[in-house]
Amino acid sequence: MCGICGILLADQKAMCASQLLESLHFLQHRGQDAAGIVTCGPRGRLYQCKGNGMIRDVFNEQRLLGLIGNMGVGHFYQLRSMTNILRVRYPTAGSSANSEAQPFYVNSPYGIILSHNGNLINAPALKRYLDQDAHRHINTDSDSELLLNVFASELEKTNKVRVNEEDIFTALAGVFRECRGAFACVGMLAGFGLIGFRDANGIRPLVVGERVNVDGSVDQLMASESVVLKALGCQKWTDLLPGQAVIIPKGTMKPIVRQVAPMLSYTPDIFEYVYFARPDTVIDGISVYRSRLAMGDKLAANIVKRFGGIENLKKEVDVVVPVPDTSRNAALQLSFTLGLIYREGFVKNRYVGRTFIMPDQQARRSSVRTKLNAMELEFRGRNVLIVDDSIVRGTTSKEIVQMAREAGAKNVYVASCAPPIRHNHIYGIDLADTKELVAYSRTEAEIAAAIGADDVIYQTLPDLIAACAEENHNIKEFEVGVFTGEYVTGVENGYLEHLEEIRFQNARLKKLEKRTNSIGFDVNGDGEGKAEVDIGLYNTGDYR
C-alpha cells in the first residue's frame, strides 16, 4: 500500500519539492520502506532523489535544494508533485530492492514519470506482452514498472513528435484495456503536465483539488487522501471516479477530466477505512473517522450478543483498552455504547514502524515489545477487552495479549473491528502468505487459543460494510476479497501462485541481505548516504 501525491504550481519559478515533502509527511502512515521525489524544471529537465527508509532518512535540506522545478513526482515505498508525484507504499508483489523505489521513469517516448498505488493481477501476462510484442525492457519485478511501460507503449503508437491531450487520453484508454487490477496513478509527462487516473472499479483512492493563491493564480494538487489537500490549503477537491483520468497541462493549468474507461463498479477497498487511511481523511465521500465510530457501535452490539446480554457483559468485562492508534476511535465509541470504562492501557513508541508488514515473525515479535508498553495500573486485577482494527498473522495480537497478562490482567478478550482475514490481499497490501494468516482454516475459538486470549469477537462483514456505507449511500459495495476470497476483478489463472512465488523469492533475498554488508554512497558529501540523487537533461520534447 502507498500514498501518491502530485502538485503543479502556477508560479513557473517556484520550487515544489518542499510541498511534496510536506505531502509525504501526511502520507507517512501508508508506508515506511523507501521514498522518492522527481521534479521537472526548466526545459523539461528532471531532478530525482530516492532512498530506502522513512522520510527523515531519505530527505534533508541539501537534497531538497537539488530538486528544482514547479512540478514533479514522488513516493514513499513500504517500496513504490504539479508534476511532482509522491508515493508512499507498503511492498506490493515483487518489490523489495532500492532499484524498485518509485517514482519510475522511462525516457521514451517523451519522458514519463509514474507513481502507482495498487497491484495488477495480470502482471505475468503483461510482462510477456511487453517483452514479445512491445519489445520494452523491464528491469524489476514490480507491477508498477509494467503499468508505466504499457502506458509508454500506448503513447508511442501516436508516432508524433509532440502529443496533445487527446493523444494522452487515447493512450490511457489503452492502459485500461491491457491492465487488470487496482491502480491509482499520478504521473508526469516531462515538460507537459500532470496526469492522474483511477482503475475502473475504484479500488484505490485518488483525490484532485486546487488551491487559489493571493494573486488569484491556481495551483493543482492530487493525493491519495483528502487530508493532504486540506493541509496544503486547497479550497475544494473531488474524488476521481472509477475509470476516470485527469490531465493538467503546464501551459493552461486547467484540469481536463474524462471517462476513459467504463465504470465497472464503485467498490473502494474497505481496508482503507479499517486500517490504512488517516481518521481525518475523507475517501469517496466517506469520513474515515465516522466510519470507525460506526464500526465501534456495530461491534458493541456483536459483543453484547456474545456475552448473552449487557448485564452479563458488565460482569465479565471491567475495562476497554484500544491497541493504538488505528482502533482508538472505534474502541472509544464501543466503550461509550456499552457503558464500560475506557482506558489507554498501552503506551506507543511513535518512532517504531508498523509490524504486520515486517518480513519475518521474529522481527515482528521484537518490534511489538519495542513499539508498545502495557501500563500495569490499567491491567492489574481486571478483566480487559482489547479492541484492535484487525487481526492478520496473529503475531502482534499474541504479544499484546501476553503483555496484558504480564501486567496483571485476569481475563483478556480481544475484539476486532474487521471480520476474520482468511484470504490474500491482491490489490497492493502484502499481508502474508495465506497459510500464515491466523484465521486461515481456524474457527474463532481456535484463533483465541492461538493468540492466548480467553475469547475473540469479530465484526461481521455485513456490519462492517454498513458502517462504511452510512456515510455515502451511493456506494453500496466494497472490495472485501480479503475476507471472502471473492475479488471484484476476479483472479487470473495462476496469479495467487505467482504472488506466493514472489514472496518466496523475496524471503530468500532478505536472508541473503542479512549475510552481506550493504554499501551506502554519500552522494552529497553530507555524511548521511543511503539516498541517490540524479540530475539529468532528458529528451522530453519542447513543450515549454
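The values are calculated or read from the model by the stated rules, or taken from the named source; none is laboratory data. Computed from a predicted structure; not experimentally measured. Positions of Cβ are backbone-derived with ideal geometry, glycine not excepted, and every protein chain shown enters the neighbour counts. Surface accessibility is based on the protein's heavy atoms, side chains included, excluding ligands, DNA and RNA. Shrake-Rupley method; radii C 1.70, N 1.55, O 1.52, S 1.80 Å.
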Binned Cα-Cα distances of segment 1-66, short to long, each 10 Å bin given as a whole percent: 19, 57, 22, 2
Sum of side-chain charges, Met253 neighbourhood, beta-carbon under 12 Å (Lys, Arg +1; Asp, Glu -1): 0
Stretch gain in nm, segment Asp325-Arg369, where the contour uses 0.36 nm per residue and the Cα spacing is subtracted: 14.3 nm
Convex hull of segment 140-219 built on C-alpha atoms - directionally averaged projected area, nm²: 7.0 nm²
Under 10 Å, Cβ to Cβ, from Thr337 - net charge with Lys/Arg +1 and Asp/Glu -1: 0
Relative packing of 301-308, 50-57, which averages over residues the other C-beta atoms within 10 Å, highest first: 50-57, 301-308
Under 16 Å from the Leu241 label point (7 Å along Cα→beta-carbon), backbone N, segment 444-476: 473-476
Entries of Lys236/Lys348; Lys127/Lys157; Lys230/Lys348 with Cα pairs more than 29 Å apart: Lys236/Lys348
Around Tyr129: net Lys/Arg minus Asp/Glu count, Cβ-Cβ under 10 Å: 0
Residue-wise HN-Hα coupling along segment 323-333, computed from phi with Karplus coefficients 6.51, -1.76, 1.60 (Hz; x: Gly, Pro): 8, x, 10, 5, 8, 4, 4, 5, 5, 5, 5
Burial ranking of peptide ranges 146-152, 241-247 (average Cβ count within 10 Å, highest at the top): 146-152, 241-247
Gain in span if fully extended, Glu316 to His473, counting 0.36 nm per residue against the direct Cα distance: 52.8 nm
Under Karplus coefficients 6.51, -1.76 and 1.60, residue-wise ³J(HN,Hα) of segment 140-145 in Hz, glycine/proline x: 10, 9, 7, 5, 5, 5
Segment 191-279: equivalent-ellipsoid semi-axes (sqrt of 5 x gyration tensor eigenvalues, Cα, Å): 24, 18, 8
Under the Karplus curve 6.51 cos²θ - 1.76 cosθ + 1.60, θ = phi - 60°, whole-Hz ³J(HN,Hα) for segment 117-134, x wherever Gly or Pro sits: 10, x, 9, 9, 8, 10, 4, x, 5, 5, 5, 5, 4, 5, 6, 7, 9, 8
Per-peptide average of other Cβ atoms within 10 Å, ordering 67-74, 41-48 highest first: 67-74, 41-48
Potential extension, Glu165-Leu264 segment - 0.36 nm per residue separation minus Cα distance: 33.2 nm
P(r) of segment 400-441 over all Cα-Cα pairs, binned every 5 Å from zero, in whole percent: 5, 19, 18, 17, 16, 14, 8, 3, 0
Probe 1.4 Å, accessible area per residue of segment 110-189, Å²: 35 Å²
Mean-position separation - Cα centroids, segment 398-417 and segment 174-231, in angstrom: 42 Å
Relative contact order [Cα under 8 Å, 6+ residues apart], segment 140-294, whole percent: 20 percent
Residues whose placed amide H lies under 5 Å from that of Phe76, excluding near-sequence neighbours: Gly3, Gly36, Arg87, Val88, Arg89
Equivalent ellipsoid dimensions for segment 375-419 as semi-axes, Å, which come from the Cα gyration tensor, largest first: 20, 11, 7
